[in-house]
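Read through the structure below, which is laid out as structure tokens, and then see the notes.
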Amino acid sequence: MQTLSVNIKENFVDEFLKFVNNNNNKITIEQDKNLKLDPYFHQRQKHLKKIRQQIDDGTMPMLNENEFNQELDKFIKNLNAN
């Protein structure tokens with residue numbers, strides 16, 4: 001048996017489920033355990049992969065602890081000034 005992830009357009013769900021029902025001896029549907037714990041798991045995972053890619057390709061710079069603290073201090077001072 002093979003496991004696949006399937007994305008189904010909203011207007012096709014009923015038709016897809018009928019197909020699955022008609023072939024239930026060959027197809028089993030299981031809910032993704034990650035989605036039970038976190039309904040936004042896949043969106044979050046996609047976003048984190050994008051962030052990691054940006055870090056790796058240099059389009060999102062990483063700050064060391066001192067740089068981060070300096071930037072945070074500037075940000076807080078700016079908030080307090082407004």
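Overview of results
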item	result
Any hit, region 1-9, residues being open to solvent by less than 100 Å² (accessible area, probe 1.4 Å) and in contact with a helix residue (DSSP H, G or I) (Cβ under 9 Å, 6 or more places away or on another chain)	yes
Cβ-Cβ under 9 Å pairs, at least 6 apart or on other chains, region 26-52 side among the hydroxyl-bearing types (Ser, Thr, Tyr), far side modelled with pLDDT under 90	Thr28/Met1
Residue satisfying all of: in region 25-60; hydrophobic (A, V, I, L, M, F, W, C) and part of a helix (DSSP H, G or I); most open to solvent (accessible area, probe 1.4 Å) among these	Leu37
Of the criteria (1) modelled with pLDDT of 90 or more; (2) open to solvent by 100 Å² or more (accessible area, probe 1.4 Å); (3) assigned to a helix (DSSP H, G or I), which one Val20 fails	(2)
Test for Leu63: is it part of a loop (DSSP other than H, G, I, E, B) and either open to solvent by less than 100 Å² (accessible area, probe 1.4 Å) or at pLDDT 90 or above (or both)	yes
Breaking point among (1) at pLDDT 95 or above; (2) open to solvent by 100 Å² or more (accessible area, probe 1.4 Å), for Asn69	(2)
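The values are calculated or read from the model by the stated rules, or taken from the named source; none is laboratory data. All of these numbers come straight from a predicted model, not from anything done at the bench. Glycine also receives a Cβ, built like all others from the backbone with ideal geometry; neighbour counts cover every protein chain displayed. For accessibility, only protein heavy atoms count, side chains too; no ligands or nucleic acids. Shrake-Rupley method; radii C 1.70, N 1.55, O 1.52, S 1.80 Å.
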